[in-house]
Structure formats: C-alpha cells, structure tokens
Amino acid sequence: MQERNITAVVVTYNAEPFIKKCIRSLYESTVSISVVVVDNQSSDKTTQIITSNFPQVKLIQSAVNLGFGKANNIGISWALSNHADFIFLLNQDAWIEKNALSELINIAETYPDYGILSPIHFGYDKQIWHRGFSKYVEMFAPSLLTQSKADFTKSLDVYEVDFVPAALWVLRSAALRKVGGFDPIYFMYGEDNDLAARVRLAGLKIGIVPSASGHHMEKDFSGTDIPLKRLVAKYFSGYSAILKYSNHNGIYRYLSIVKAGIKDAWIGIAQAKVRKVLAISIALWTIFISINKIEKSRSKIASEGAFLEICN
C-alpha cells in the first residue's frame, strides 16, 4: 500500500481512565500515523497523561468545553491544513487493533466511492459485539452477526450502510473538504447523524469493514435508563434535520416539525412514557429558540468545507 498521510483526531473530556490505551493503540498500529488531541477543558489528569506518555501528540487545549463536534472540527482542520489524506476519528473511550487502520485505508483506496468507513465495534475489553453498534449491523448487514471474528475474512470487503456511529470513523480528506465537518449546533449527540447524511447527499457511501476491528466502551444504560439529555438530542437531531434538509420553503418546514412533534408526543402518551414526551417538548422548544442558528446552518452546508477552517 502506498504511504499515506493519516491523522487521528481524538477529542477528550476527563478521559483519564481511557486515554493512555486509546492513544497507545494508535501508535501500535501497523501504519504510520500522526495524532492530534483536542481537549475540552478536562479537570482531571488527561492532558498530563498525554504530555508525559506521548510527547509526539499534537495537543490542542481549549479554554472552554466546545462540545464533541466543534472540538473535532478543530482537529480535522489541523489535519487537513497539514495535508492529511485520511482522517481517523477515535473516541476517547475506544481503541483499535493493530491491523485495523491498515485494513480500513486499504479498503478506502480500493473503493474510492466510500466517504466514511468504520471497523467492527466490539466491547471495550471483550470480543463480543458492541450493542449500540450491532443494531446498525442488524439493519444493514445482518449476516455478519452470525459469524465469528475468524469468519470475517470470508465476508465482503465492505458492507454499505446508511449510518454507523462516529466512535471509529475513517474519512477521506477529499470528502471532508467537500461536505465539511460537524455542524456545531449539535453540542453532543446527533452530530454524526448529520454529517453522515451530508456525506450521502454528496453521493458518497458509508461502509463497515469486517476485516478491521475496534473496541468501544458500552454505555451503562438501556431502555428507560437512557439519559433525558440524550433523548432530547435524539429528537432535536431529527427535527432540525427537517428544517435543514427539507425541500419545502418557509412555513411548510416549520409545520412539518410541529406535525412530527405532535405525532411523536401522542405515541409517547399512548405508551405512558413521560420522559419521552418531556424530551420531545424540550427538543421542540430548543428548535424554536435556535431557529436563527439552524437557518444559518442550512445556508452554510451547501458550501464546501462547511464548519472547517482549513489553511490551504
């Protein structure tokens, strides 16, 4: 494989329990890689661990917590300004196996119509499927769920999907220069859905590469235990997408949001899910107090390199 400029971007916030394993896995990769960390004002020992153990890391420390998407944009902009061919986004609570990046980049080179590629996600310290990831596999590539890890080499090179979480994403630099980075209207949650949608709108594909493996910490909640802020973010993401991407003009887009919100709320009432109804209400209120920001975002996403500051 031709030598490529690969840059990993890791956003941290109080990542002390995870960050050493995360970064070490990058440097133990079978391909050469640069690493940039954007720290969101951690109050623990995250930055000290990085500077003490990995002095070669480009560490960018923010004076405020910028949120996941906006902080990633800083790292992405730095990577693109330094001529990265591929950018690997890695969550602070995730790590990759040694050959994962090599496999991902090889598939990216072979299939240039893919803008985003992801490895298989296993649990943090296990060889079992990450539950949050497996639901997308079940939707788009269910045959993979019945295979053992040893059988993945017999699978297709890449499985096309509509979406995969951004915990471990390889992105083609040309795709980022075209569609831009994460929309900062999403502080946390929903930003990856939005960017994935823009990648698909640009005519590029999203894929899972079964020959590459990564590991991601499982969130310790399910069902009724999902935090309210995450439920709010889910509905905010969906409703804001109507405003941003609908072909309708003016009042019709807003009426579509109201209609969707009422429908979702009635379903929540019928299911006696009070938190769901509360989350929908908060999301709708947040939409309407953020209309100016969303409209600016709608106009900006049509421009190349949206939300990024590239120096070349």
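Throughout, read-outs are computed from the coordinates displayed, never taken from laboratory work. Computed from a predicted structure; not experimentally measured. Virtual Cβ from ideal backbone geometry, glycine too; neighbours counted across all protein chains shown.
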Label model pair ALA174, ARG298: point-to-point distance (7 angstrom along the Cα→beta-carbon line) in nm is 3.2 nm
The chain, Gaussian network, Cα under 10 Å: of GLU97, GLU16, GLU138, the residue fluctuating most is GLU138
Taking Cα atoms, the helix 228-245 axis meets the longest principal axis of the chain at an angle in degrees (rounded to 10) of 80 degrees
Distance in nm between TYR27 and ASN249 label points, each 7 Å along Cα→Cβ, equals 5.7 nm
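What is the extension gain from LYS58 to THR110, computed as 0.36 nm multiplied by their sequence separation minus the C-alpha to C-alpha distance, in nm to one decimal?
15.8 nm
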Among ALA265, LEU89, ILE50, the residue whose Cα sits farthest towards the positive end of the charge dipole of the chain (+1 at Cβ of Lys and Arg, -1 at Cβ of Asp and Glu, taken about the Cα centre) is ALA265
Volume per residue (Å³) of the convex hull spanned by the alpha carbons of the stretch 223-300 is 84 Å³
In the chain, taking the dipole from +1 charges on Lys and Arg beta carbons and -1 charges on Asp and Glu beta carbons about the Cα centre, the listed residue (VAL10, PRO227, SER77) farthest towards the positive end is PRO227
Across VAL57, VAL35, VAL164, the residue with the highest GNM fluctuation in the chain (Cα network, 10 Å cutoff) is VAL57
With label points set 7 Å from each Cα along the Cα-to-Cβ direction at GLN41 and SER290, the distance between them in nm comes to 1.8 nm
Given unit charges at Cβ for Lys, Arg (+) and Asp, Glu (-), the dipole magnitude of the chain about its Cα centre in debye, nearest 20, is 940 debye
Neighbours of TYR114 by Cβ distance under 12 Å: Lys/Arg at +1, Asp/Glu at -1, summed charge -1
If one compares the long axis through the Cα atoms of helix 131-140 with the longest principal axis of the Cα atoms of the chain, the angle in degrees, nearest 10, works out at 80 degrees
Given 247-260, 63-76, the highest-first ranking by average Cβ count within 10 Å works out to 63-76, 247-260
Extend 7 Å from the Cα of ASN99 along its Cα-to-C-beta direction; within the stretch 11-50, residues with backbone N under 14 Å of that point are 29-31
Heads up, the stretch 6-216 by the C-alpha gyration tensor (a ≥ b ≥ c square roots of eigenvalues; a/c under 1.5 rounded, else a/b over b/c prolate, else oblate) looks prolate
